[in-house]
1. Going by what's in this entry, would P91 be described as farther than 13 Å from V49 by Cα and either surrounded by 12 or more Cβ atoms within 10 Å (Cβ to Cβ) or modelled with pLDDT of 95 or more (or both)?
2. Within the set of pairs 6+ apart or on separate chains, which have a first residue in the range 112-127 that is in contact (Cβ under 8 Å) with a residue 24 or more places away in the chain and among the acidic types (D, E), a second that is outside any loop (DSSP other than H, G, I, E, B) and surrounded by fewer than 16 Cβ atoms within 10 Å (Cβ to Cβ), and C-beta atoms under 8 Å apart?
3. Looking at the range 82-127 only, could you name the residues that are within 14 Å of the chain's Cα centre (by Cα), farther than 14 Å from V34 by Cβ, in a strand (DSSP E or B) and not small (G, A, S)?
4. Give the number of residues within the range 12-62 that are outside any loop (DSSP other than H, G, I, E, B) and charged (D, E, K, R).
5. How many residues does the range 56-81 hold that are over 14 Å from A102 (Cβ atoms) and either within 11 Å of the chain's Cα centre (by Cα) or surrounded by 20 or more Cβ atoms within 10 Å (Cβ to Cβ) (or both)?
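The values are calculated or read from the model by the stated rules, or taken from the named source; none is laboratory data. The structure presented is a predicted model; accordingly, all values stated were derived computationally and were not measured. All Cβ positions, even for glycine, are placed from backbone atoms using ideal geometry, and neighbour counts span all protein chains on display.
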Amino acid sequence: MEKQWTCPEDILCGVNTPKDRENLTDLEKKHLPVLETPERVKKDEPFPVKVTVGKLLAHPNEPAHFIEWVELYCGDTFLGRAGFSGGMSYPEAVFTVKLTHAHGPLRARMKCNLHGLWEDSRPVMVE
């Protein structure tokens, strides 16, 4: 009998986040977007945000299994998107952004063509 997936257990339903940040599974390590950014930034001054997928454990990068895109948000505000092609590009992007105020943490969301949406966040203080 075929397994019936329910939303809480189905990685293709909704946005995936780590279940236990101290004990990441290999699937989480391969798909979790890692944000690198200063902890504090100055209001209205540009700063870099680097997002890498597969930094904790290499993610496949082949035509049949790859990271399609990475998006960056501050809270729910969309900041940018980078697209990738299977086998031809590495899922890493640097966004240069500026914030007038912190309206939530920086959030990176990515999409694997086989394993769905994944997200992680990092707080940033705007001074």
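1. Judged against the criteria, P91 is a match.
2. E119/V15; E127/R40
3. Once the filter is applied, which keeps residues that are within 14 Å of the chain's Cα centre (by Cα), farther than 14 Å from V34 by Cβ, in a strand (DSSP E or B) and not small (G, A, S), the range 82-127 yields K111, C112, L117.
4. Residues flagged as outside any loop (DSSP other than H, G, I, E, B) and charged (D, E, K, R) within the range 12-62 amount to 8.
5. Number of matching residues: 8.
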